[in-house]
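The values are calculated or read from the model by the stated rules, or taken from the named source; none is laboratory data. In this text, all values refer to a predicted model and were calculated from it rather than measured experimentally. Virtual Cβ from ideal backbone geometry, glycine too; neighbours counted across all protein chains shown. Remember, those area values only see protein heavy atoms, side chains included, never the ligands or the DNA or RNA. Shrake-Rupley method; radii C 1.70, N 1.55, O 1.52, S 1.80 Å.
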Amino acid sequence: MITLSGITKVYKNGPLEVEALSHIDLQIERGEFVAIMGSSGSGKSTLMNIIGCLDVPTSGSYLLDGEEVHTLNEDDLARVRNRKIGFVFQSFNLLGRQTVLQNVTLPMMYAGTSREKRQERALGLLDKVGLKDRVKHRPNELSGGQKQRVAIARALTMEAPILLADEPTGNLDTKSSQDIMALFKEIHREGTTIVLVTHEPEIAEHADRVLLFGDGKLLKDTRKGSVRL
Ligand SMILES: Nc1ncnc2c1ncn2[C@@H]1O[C@H](COP(=O)(O)OP(=O)(O)O)[C@@H](O)[C@H]1O
Ligand SMILES: [Mg+2]
């Protein structure tokens, strides 16, 4: 599903160059649940942005579902992103002036889905994440855990095969974090490929595979059931 070969990302700010990712080779199969760990600045978000087609690598190749993403232009990248990737962020990234329902229908507006279908699908997803009785609320009237549920419902609207989550529980208390992880597991069981960044071992434990990053390099790739050293 995801094949990265020799992916390198260099950020240039004037004379300053930072190699955020260095020659990453990585394959993620359809249906995997992968956690990405590593200290701050190790390149986790850079990797997520590349996998999610929000950014392009400086060199290397990226095959997403058989498509050579590294050769695509902005428009094609946006198209691939909309069809294949759902995103969840640490800071929820909800629109504060829009209702919960409007936030969830937004990706479908961009995709040109009919009003009726948008409404039906959004209400179904909000029911799934346990927010049926909050559809008319605005984000600032919700708890952190509830905001993240809205973001997850929004990420599921396009039925994308891949869900990317960058520190989704980073702003949540322990109870809300566990609830959110239970939701991710349910989504995974239903067939979605999940890649999730976290620095909390209790969160990473929910995944079937853990990738450890350090200084822009993939240091360790551990699968559940295999011997831990
Ligand atoms: N837009 C940017 N411009 C310059 N440097 C960046 C940019 N984004 C990230 N970096 C640098 O790249 C490295 C990796 O960052 P990042 O992927 O955000 O790490 P992580 O998510 O693991 O904390 C860091 O050294 C960071 O400072
Ligand atoms: Mg990060």
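The set of residues in region 1-50 being away from ligand 2 (no atom under 13 Å from the Cβ), outside any strand (DSSP E or B) and over 17 Å from L64 (Cα atoms) consists of G14, P15.
For region 73-88, what are the residues that are hydrophobic (A, V, I, L, M, F, W, C) and either within 23 Å of K136 (Cβ to Cβ) or open to solvent by 60 Å² or more (accessible area, probe 1.4 Å) (or both)? Within region 73-88, just V88 meets the criteria. Among the residues of region 17-57, write down those that are over 13 Å from the mean Cα position of the chain (by Cα), crowded, with 19+ Cβ neighbours inside 10 Å and at positive phi. Selection gives G38, G43. Selection of region 42-99 for residues being among the hydrophobic types (A, V, I, L, M, F, W, C) and away from ligand 1 (no atom under 16 Å from the Cβ) yields L63, L64, V69, L72, L77, A78, V80, I85, F92, L94, L95.
Scanning region 112-122 for residues that are surrounded by 15 or more Cβ atoms within 10 Å (Cβ to Cβ) and over 10 Å from V100 (Cα atoms) returns T113, R118, Q119, R121. Residues in region 58-72 that are open to solvent by 60 Å² or more (accessible area, probe 1.4 Å), in contact (Cβ under 8 Å) with a residue 40 or more places away in the chain and either assigned to a strand (DSSP E or B) or of a type in the set (D, E) (or both): L63, D65. The set of residues from region 127-168 being open to solvent by 10 Å² or more (accessible area, probe 1.4 Å), within 16 Å of ligand 1 (Cβ to nearest atom) and touching a helix residue (DSSP H, G or I) at 6+ places or on another chain (Cβ under 7 Å) comprises just one member, D166.
More than 14 Å from the chain's Cα centre (by Cα), closer than 16 Å to K220 by Cα and within 12 Å of ligand 1 (Cβ to nearest atom): is that true of G14 in this structure?
no
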